[in-house]
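As C-alpha coordinates, the structure follows; a few thoughts come after it.
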Amino acid sequence: QVQLVESGGGLVQPGGSLRLSCAPSESISRFAVMGWYRQVPGQQRELVAIIQSGGNIRYADSVKGRSTISRDNVANTMYLQLDSLKSEDTAVYYCHGVYFLRNYWGQGTQVTVSS
(Lines give C-alpha, C1' and ligand atoms only; values in the text may rest on other atoms or scores of the structure.)
Protein backbone atom coordinates (compact mmCIF):
# COMPACT_ATOMS: atom_id res chain seq x y z
CA GLN A 1 0.00 0.00 0.00
CA VAL A 2 1.44 3.32 -1.08
CA GLN A 3 1.54 5.93 1.65
CA LEU A 4 1.93 9.68 1.39
CA VAL A 5 2.98 11.51 4.54
CA GLU A 6 2.52 15.26 4.76
CA SER A 7 4.21 17.62 7.17
CA GLY A 8 4.76 21.34 7.60
CA GLY A 9 1.31 22.64 8.36
CA GLY A 10 0.56 24.98 11.22
CA LEU A 11 -0.53 28.43 12.27
CA VAL A 12 0.88 31.38 10.36
CA GLN A 13 0.06 35.08 10.30
CA PRO A 14 -1.39 36.74 7.19
CA GLY A 15 1.41 37.61 4.81
CA GLY A 16 3.59 34.83 6.14
CA SER A 17 5.02 31.76 4.47
CA LEU A 18 4.88 28.03 4.94
CA ARG A 19 6.44 25.02 3.25
CA LEU A 20 4.55 21.75 3.10
CA SER A 21 6.30 18.46 2.47
CA CYS A 22 5.01 15.14 1.17
CA ALA A 23 7.10 12.01 1.48
CA PRO A 24 5.84 8.96 -0.41
CA SER A 25 6.62 5.40 0.64
CA GLU A 26 7.61 4.59 -2.96
CA SER A 27 10.11 6.27 -5.25
CA ILE A 28 8.80 9.67 -6.19
CA SER A 29 10.13 9.22 -9.72
CA ARG A 30 7.52 6.50 -10.31
CA PHE A 31 4.60 8.83 -9.70
CA ALA A 32 3.15 10.08 -12.98
CA VAL A 33 1.59 13.07 -11.25
CA MET A 34 1.81 14.50 -7.77
CA GLY A 35 -0.02 17.43 -6.36
CA TRP A 36 -1.58 19.34 -3.51
CA TYR A 37 -5.25 19.82 -2.85
CA ARG A 38 -7.03 21.60 -0.03
CA GLN A 39 -10.39 21.37 1.63
CA VAL A 40 -12.41 23.58 3.91
CA PRO A 41 -15.18 21.98 6.00
CA GLY A 42 -18.41 21.92 4.04
CA GLN A 43 -16.70 22.54 0.72
CA GLN A 44 -15.29 20.35 -2.02
CA ARG A 45 -11.63 19.48 -2.14
CA GLU A 46 -9.92 21.76 -4.64
CA LEU A 47 -6.72 21.66 -6.60
CA VAL A 48 -3.86 23.83 -5.41
CA ALA A 49 -1.02 22.71 -7.67
CA ILE A 50 0.17 19.66 -9.57
CA ILE A 51 3.49 18.60 -11.02
CA GLN A 52 3.92 15.89 -13.61
CA SER A 53 6.87 13.55 -13.90
CA GLY A 54 7.99 15.39 -17.02
CA GLY A 55 8.08 18.65 -15.10
CA ASN A 56 4.87 20.27 -16.26
CA ILE A 57 3.27 22.33 -13.50
CA ARG A 58 -0.18 23.81 -13.02
CA TYR A 59 -1.44 26.12 -10.28
CA ALA A 60 -4.91 27.12 -9.23
CA ASP A 61 -5.63 30.76 -10.02
CA SER A 62 -6.13 31.41 -6.31
CA VAL A 63 -2.48 30.64 -5.50
CA LYS A 64 -0.74 31.49 -8.76
CA GLY A 65 2.21 33.78 -8.12
CA ARG A 66 2.20 32.98 -4.40
CA SER A 67 3.11 29.31 -4.43
CA THR A 68 5.77 27.00 -5.78
CA ILE A 69 5.44 23.25 -6.18
CA SER A 70 8.53 21.10 -6.58
CA ARG A 71 9.70 17.53 -6.31
CA ASP A 72 13.13 16.39 -5.20
CA ASN A 73 13.99 12.91 -6.46
CA VAL A 74 17.06 12.66 -4.23
CA ALA A 75 15.16 13.56 -1.05
CA ASN A 76 12.15 11.63 -2.36
CA THR A 77 9.91 14.48 -1.29
CA MET A 78 7.45 16.87 -2.88
CA TYR A 79 7.11 20.40 -1.58
CA LEU A 80 4.63 23.23 -1.70
CA GLN A 81 5.96 26.66 -0.80
CA LEU A 82 3.16 29.05 0.13
CA ASP A 83 3.91 32.77 0.38
CA SER A 84 1.86 35.89 1.10
CA LEU A 85 -0.66 33.73 2.88
CA LYS A 86 -4.22 34.95 3.28
CA SER A 87 -6.97 33.92 5.65
CA GLU A 88 -8.74 32.22 2.75
CA ASP A 89 -5.78 29.85 2.42
CA THR A 90 -6.87 28.25 5.69
CA ALA A 91 -7.70 24.61 4.96
CA VAL A 92 -6.54 21.04 5.31
CA TYR A 93 -3.93 20.42 2.64
CA TYR A 94 -3.68 16.97 1.10
CA CYS A 95 -0.88 15.40 -0.86
CA HIS A 96 -2.00 13.39 -3.88
CA GLY A 97 -0.13 11.05 -6.17
CA VAL A 98 -0.87 8.83 -9.17
CA TYR A 99 1.16 5.64 -8.93
CA PHE A 100 0.70 3.07 -11.67
CA LEU A 101 -2.69 4.55 -12.57
CA ARG A 102 -4.01 4.47 -9.00
CA ASN A 103 -4.77 7.51 -6.89
CA TYR A 104 -3.33 7.89 -3.41
CA TRP A 105 -3.92 10.53 -0.75
CA GLY A 106 -2.13 11.61 2.36
CA GLN A 107 -3.86 12.11 5.68
CA GLY A 108 -3.83 15.89 5.38
CA THR A 109 -2.12 18.69 7.25
CA GLN A 110 -3.91 21.72 8.68
CA VAL A 111 -2.86 25.19 7.58
CA THR A 112 -4.39 28.06 9.52
CA VAL A 113 -3.76 31.67 8.54
CA SER A 114 -4.74 33.99 11.34
CA SER A 115 -3.42 36.90 13.36
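The values are calculated or read from the model by the stated rules, or taken from the named source; none is laboratory data. Since we're looking at a predicted model, the values are computed, not measured. Don't worry about glycine lacking a Cβ; one is built from the backbone with ideal geometry, like all the others, and counts go over all protein chains shown. For the accessible areas, the whole protein counts, side chains as well, though only heavy atoms, and no ligand, DNA or RNA atoms are used. Shrake-Rupley method; radii C 1.70, N 1.55, O 1.52, S 1.80 Å.
Things worth noting here:
- The conditions of being acidic (Asp, Glu) and touching a Phe, Trp or Tyr at 6+ places or on another chain (Cβ under 9 Å) are not met by GLU88.
- In summary, strands (runs of 3 or more DSSP E) completely within the range 1-56 and bearing 3 or more residues that are more than 23 Å from TYR99 (Cβ to Cβ) and in contact with a strand residue (DSSP E or B) (Cβ under 9 Å, 6 or more places away or on another chain) occur at 10-12.
- Any hit, the range 91-100, residues being part of a strand (DSSP E or B), touching a helix residue (DSSP H, G or I) at 6+ places or on another chain (Cβ under 9 Å) and open to solvent by less than 60 Å² (accessible area, probe 1.4 Å): yes
- Among (1) free of Cβ contacts under 8 Å to residues at least 24 places away in the same chain; (2) buried (at least 21 other Cβ atoms within 10 Å of the Cβ), the one test that LEU47 misses: (2)
- Checked against (1) of a type in the set (Ser, Thr, Tyr); (2) at pLDDT below 95; (3) closer than 22 Å to LEU11 by Cα, SER53 passes all but condition (3).
- Any hit, the range 58-70, residues being part of a loop (DSSP other than H, G, I, E, B), of a type in the set (Ser, Thr, Tyr) and open to solvent by less than 70 Å² (accessible area, probe 1.4 Å): yes
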